[in-house]
Structure formats: structure tokens, C-alpha cells
Amino acid sequence: MEKEAEVQGGHALEVEEPRRASVYAEKAAIADYKADAIEAENAEHNMTVLEAVRAYPMASFWAVIMSCTIIMESYDVFLCNNFVALPYFKQKFGVYDEKAAQWVIETKWQSALQVSGQLGALIGVFVAGPLTSRIGYRYATLTGLMLLNAFIFVFYFATSLEVMFAAQILEGIPWGIFIANAPAYCSEIVPIQLRAPATQMLQMFWAIGSIIVGGITYSYNQNQSPSAWKIPIALQWMFPTPLAVLIFLAPESPYWLVRKGRLEQAAKSVTRLGRKSGVNATETVAMMRRVIELEKNEKQPSYLELFKGTDLRRTLIVCFVYASQNLTGNLIANQAVYFFQQAGIDDNLAFALGLITSALQWIFVMLSWILTTFYGRRTIYVWGSLINCAFLVALGIGGSVGQNQAASYAQASLGLIVSVLFCLGPAPASWVIIGETSAIRLRPLTTGIGRATYYIVEIPCIFLASYMLNPTGGNLGGKCGYVWGATALICFVIAFFQIPEMKGRSYREIDILFRRRVSARKWKKTVVDINDDE
């Protein structure tokens with residue numbers, strides 16, 4: 001019996017020894033990749049912006065390519081907004097208003113055309129999260145591009161406002177995929193120092209879409225044939241196919257690949273994004289793995305998780321930032337031409353001012369890169385919202401002083417200033433905040449539901465904005481500034497207490513600060529040790 005016990009004991013020891021060796025090996029492996037992760041994170045923290053560009057030149061290039069998908073939503077949003085101001089389009093599909101002595105698109109159809117794309121995009125963003133989580137950013141975006149190619153046909157051959165409305169809903173579905181994926185992809189493929197300019201590019205490309213539309217509709221605003229709207233619609237086909245080819249060639253987000261456990265492919269993706277001499281792919285993947293392990297959860301990501309624990313706070317911040325884009329001057333920017341007309345500016349000058357507004361927005365987005373680099377996201381977003389609030393109230397005062405040429409020019413000038421300043425502060429800063437706030441594991445779902453909040457808020461706001469400006473509605477002109485000034489003030493107050501400063505923070509540090517429930521106003525001064533994992 002004793003011998004048997006000895007044998008059994010010896011056997012137990014033989015079994016136990018490999019287990020211990022396995023545990024030690026696992027701990028050693030974890031220690032190895034953590035050491036690499038620390039090296040990579042320190043390297044990113046120590047980079048300047050120019051050094052980051054030199055180290056990751058292709059990351060910057062692919063961020064630009066993905067951002068180009070935003071041009072298509074911008075193009076179409078501004079196209080429909082400009083159609084309601086297009087003289088021949090108004091004659092073809094509108095009614096004659098005896099009081100105003102002009103052709104107008106009825107308020108209900110004006111609002112319907114402006115919200116139709118958003119209704120489709122609302123569907124698209126809910127499709128984007130699960131689709132991207134399953135097949136990746138590249139293939140989800142390619143799916144959207146191919147769908148858009150097909151749906152443009154419906155819009156081009158439409159002969160009634162009803163069909164145009166349906167066509168815009170269909171086109172909106174791929175827009176939702178683009179707008180959900182672009183900020184997440186751009187923020188995941190670049191180092192810390194480039195996250196702000198890479199995601200702010202989205203606002204710049206939004207401005208580029210409006211510039212293209214502004215130039216085209218300015219050229220055709222005197223055209224008295226169906227070409228006045230059919231050619232601008234047809235020009236949408238110049239985007240999807242070339243972009244599809246480039247997106248197919250783009251590397252997948254290495255963070256997405258690490259989430260899927262495909263570490264070798266993630267390393268290859270990192271190598272494609274950076275220079276061999278400036279980037280250690282093994283260390284960079286280790287840094288990504290460290291963040292993924294910090295957020296580790298065996299379950300498939302679900303929308304329900306967005307509203308649990310510390311992820312609830314992150315979700316609410318993303319949803320608020322998206323929603324507030326509609327409440328701090330954006331709708332005046334989107335309806336610039338129609339706003340100028342209702343302020344008393346003649347058609348030709350109104351279209352010219354719309355084009356000038358878009359060009360200035362593009363320039364001011366680039367200026368915002370400098371401001372965000374020096375002052376951070378929170379500062380630009382919060383105080384930019386307050387400045388826009390002041391100008392919106394001034395616009396309301398301008399609309400209240402009387403109906404004369406001087407008042408019309410004052411309203412037009414203030415409307416232009418509001419539209420341009422929106423692209424210097426709140427708009428570009430919001431894209432950075434959106435890209436950085438969500439947990440890596442839940443990012444496709446968070447950006448999707450955040451953008452859905454944007455559309456849910458935007459749709460009633462469009463009806464309100466159309467009613468306030470339309471001669472057959474409220475006919476408020478510049479006095480709408482009082483309404484948007486009030487909403488901008490509310491957004492400023494919420495942002496002041498809830499938006500944290502994430503400038504210079506790695507995704508690991510952001511995760512830890514949210515888990516520690518640090519107050520938004522204390523983030524800038526809170527230190528997170530490089531060895532912390534919690």
C-alpha cells in the first residue's frame with residue numbers, strides 16, 4: 001500500500017510539474033509582451049507630431065482614404081439642401097407662394113428630402129456595428145460602397161419627390177456604415193500624436209463635399225432644364241468605385257485583428273502602416289494586446305454592454321457629442337444657401353456665399369489641427385461651443401432689428417461666421433472625442449449608436465429648422481439664432497462638466513481613467529503609471 005501511495009504520489013508530482021511549468025511559461029509570456037507593450041507606448045508618448053508622420057506615413061495615407069468616404073454623405077446632404085434653393089427645381093416640384101411672390105418647395109417636402117438620407121443612415125449605423133465587428137472595417141466599407149453605386153441609379157431616374165425621398169433613404173444606409181466606421185478606423189491605425197488630425201480630417205472632407213456641391217449647384221442654379229439637378233446627382237458616381245479599389249488595398253485595423261486573435265496579421269498590418277526603421281511591429285502589437293487584455297471579455301460584443309458599468313459613461317459622452325453637433329450651429333451651416341436666401345440675399349449671391357462658406361470651413365478645419373495640438377480636445381470643444389452660442393444670439397438680434405438691406409447683410413454675415421466657427425471648434429474636436437472615448441472592443445458598436453443618436457436628434461431639428469426658415473412656415477430668418485443659441489448654451493454646460501481631456505493619452509490610460517471614474521475636469525492632472533493594468 002505504501003509503495004502504491006508512493007507511486008500515486010510520484011505520478012501526482014509528475015502531473016503537477018508540467019502544470020507548474022505551463023503556468024510559469026504563461027506568466028513569462030505575459031511579462032514578455034507587457035515589456036514590449038511598455039516600450040511601444042513610451043515610444044509613442046515621446047514622438048512629436050512630425051516624428052509620428054515620418055514613422056507612420058502610410059497610416060496617414062490610409063486615414064485620408066477612409067475619410068474620403070465622408071465626402072459622399074456630405075455631398076448628398078448639401079445637394080438636397082441646395083435643391084430646395086435651386087430655381088428650376090422649385091418650379092418643377094414646388095408651389096407658387098403668392099405672399100412671397102416666389103416658387104417654394106412645400107415645408108413638408110423640404111423637410112422630408114432633408115431627413116430621408118438621415119433615416120437611411122440611421123438604419124446603416126445599426127447595421128455597421130455588428131457587420132464591422134464580424135468582418136472588419138475594410139469589408140464592411142466595401143459593402144457600403146457597392147450598395148451606394150446601385151442606389152444612385154434610383155435617385156438619378158427619379159421623376160417625383162416621392163421617389164427621391166425613397167432613393168435618399170436607400171443611399172443613407174451605406175452612409176451610415178461610412179460614418180460609423182471612418183472615425184473608429186482612423187483613430188485605430190495611427191499613433192497617439194496623430195489621432196487628432198487623423199479624425200479631424202473627417203470634418204475637412206465633410207467641408208470638401210460641400211465645396212464640390214457648392215461649385216456644381218452655383219454653376220447650374222440658372223439652368224432651366226432637368227440637368228440642373230440630374231447632373232449633380234450623376235456626379236455622385238465619381239466616388240464609390242475608385243474608393244472601393246483603394247479600400248480593398250488598405251490594411252485592416254491592427255486593433256481589430258488583435259481582437260480576433262490574429263496577431264501575425266496584425267503585425268503585418270502595422271508594418272504596412274509604418275516605416276520598418278521607425279516602427280517595431282512586435283512591440284506595437286504587444287501594446288494593442290495589452291489594451292485588449294485590459295478590456296477582455298469572452299462574450300461577443302453586444303449593444304447591451306454599452307449601457308453597463310463604466311461603458312455607460314463612455315457611451316453617453318459619444319452620444320452627447322454626436323447629438324450636440326446639431327445644436328451648436330451645424331444646421332445653419334448645412335442650410336447655408338437657403339438661409340442666405342431667407343435673409344434677403346438674391347439667388348446668385350446666396351449660392352456664391354454658400355460656396356465661400358464651404359471653402360472657409362475647409363480652411364478652418366485645418367487651423368483646428370493646430371489648436372487641438374496645442375490646447376487639446378476639451379478646451380476647443382467646450383469654449384468653441386460657448387463662442388458659437390454668443391454668435392447665434394447675435395444672429396437672433398440681427399434678425400430682430402428690421403427688414404432692410406443692412407439687416408440682411410448683417411444676418412448673412414453672422415450666419416457665415418457661425419457656420420465657419422463651428423468648423424474651427426466643436427465640429428473637428430467632436431470627431432477626435434468620438435474616436436478616443438469608446439473602448440476598443442466595443443468601438444464599432446459605440447460609434448454606431450452614437451451616430452444613431454445624431455440622426456435621432458437631427459431629424460426633428462431639420463423639421464424645426466425648415467419650419468423656422470420657410471416663408472410658408474415660421475419665416476423667422478435670422479431670429480432662429482435665438483433657438484439655436486439656447487440649445488448651444490445647454491450643450492456648453494453639459495460639455496463643461498462631462499467632456500474629459502484625452503490629449504496625449506494612450507488607449508490603456510483612457511481605459512484606466514474611465515475605470516477609476518475620474519471627474520472630467522481632473523483628467524488633465526491625473527497621472528497613470530506606465531506599469532498600471534487595472
Completion exercise
Between the modelled labels at Ala234 and Asn149 (7 Å from Cα along Cα→Cβ) the distance in nm is 1.9 nm
Practice task
Please report how far the C-alpha centroid of segment 351-422 lies from that of segment 195-266, rounded to the nearest whole angstrom.
Solution key: 25 Å
Problem - Size of charge dipole - the chain - debye, nearest 20, with Cβ of Lys, Arg +1 and Asp, Glu -1, no other charges - result: 660 debye
Fill in the blank from the handout: Rounded to the nearest 500, the 222 nm mean residue ellipticity computed for the chain from DSSP H runs (n ≥ 4, each -39500 (n - 2.57)) alone is -25000 deg cm²/dmol
Fill in the blank from the handout: The helix 347-375 Cα axis meets the longest alpha-carbon principal axis of the chain at an angle in degrees, between 0 and 90 and rounded to 10, of 30 degrees
Practice task
Please go through the residue pairs Lys260/Lys524; Lys260/Lys522; Lys268/Lys524; Lys268/Lys522; Lys268/Lys308; Lys268/Lys296 and name each one whose alpha carbons sit more than 29 Å apart in this structure.
Solution key: Lys260/Lys524; Lys260/Lys522; Lys268/Lys524; Lys268/Lys522; Lys268/Lys308
Handout entry: Whole-percent pair-distance distribution, where bins are 10 Å wide, for the alpha carbons of segment 47-150
Key = 12, 29, 23, 20, 11, 5, 0
Exercise for the section: Specify the inter-centroid distance of segment 427-451 and segment 108-187, based on alpha-carbon positions, in whole Å. Expected result: 19 Å
Exercise for the section: Working with all protein chains in place, sort Tyr409, Tyr88 by solvent-accessible area computed with a 1.4 Å probe, largest first. Expected result: Tyr409, Tyr88
Fill in the blank from the handout: Residue span Val401 to Gln222: 0.36 nm per residue of separation minus Cα-Cα distance leaves a gain in nm of 61.2 nm
Handout entry: Reachable lysines from Lys92, criterion Cα separation under 22 angstrom, eight or more residues apart if same chain
Key = Lys108, Lys230
Practice task
Calculate how steeply helix 377-398 sits against the longest principal axis of the alpha-carbon atoms of the chain, using the helix alpha-carbon long axis, and give the answer as 0 to 90 degrees to the nearest 10.
Solution key: 10 degrees
Exercise for the section: Would you please name the GluC sites (Glu not before Pro) within segment 58-157 that are DSSP coil residues with at most 10 other C-beta atoms within 10 Å of their C-beta? Expected result: Glu98
Problem - Within segment 213-235, backbone nitrogen closer than 20 Å to the virtual label 7 Å beyond the Cα of Thr159 toward Cβ - result: 224-234
Practice task
Calculate how steeply helix 240-249 sits against the longest principal axis of the alpha-carbon atoms of the chain, using the helix alpha-carbon long axis, and give the answer as 0 to 90 degrees to the nearest 10.
Solution key: 10 degrees
Practice task
Give, in nm to one decimal, the length gained when the segment between Arg134 and Lys108 is fully stretched (0.36 nm per residue of separation minus the Cα-Cα distance).
Solution key: 5.4 nm
Practice task
Mind listing the long-range amide H neighbours of Gln102? Cut-off is under 5 Å, sequence gap 5 or more, other chains count too, H placed in the peptide plane at 1.01 Å from N.
Solution key: Asp97
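The values are calculated or read from the model by the stated rules, or taken from the named source; none is laboratory data. The structure presented is a predicted model; accordingly, all values stated were derived computationally and were not measured. Because the Cβ atoms are built from the backbone with ideal geometry, glycine has one as well, and the counts that use them run over all protein chains shown. Only protein heavy atoms, including side chains, enter the accessible area calculation; ligands, DNA and RNA are left aside. Shrake-Rupley method; radii C 1.70, N 1.55, O 1.52, S 1.80 Å.
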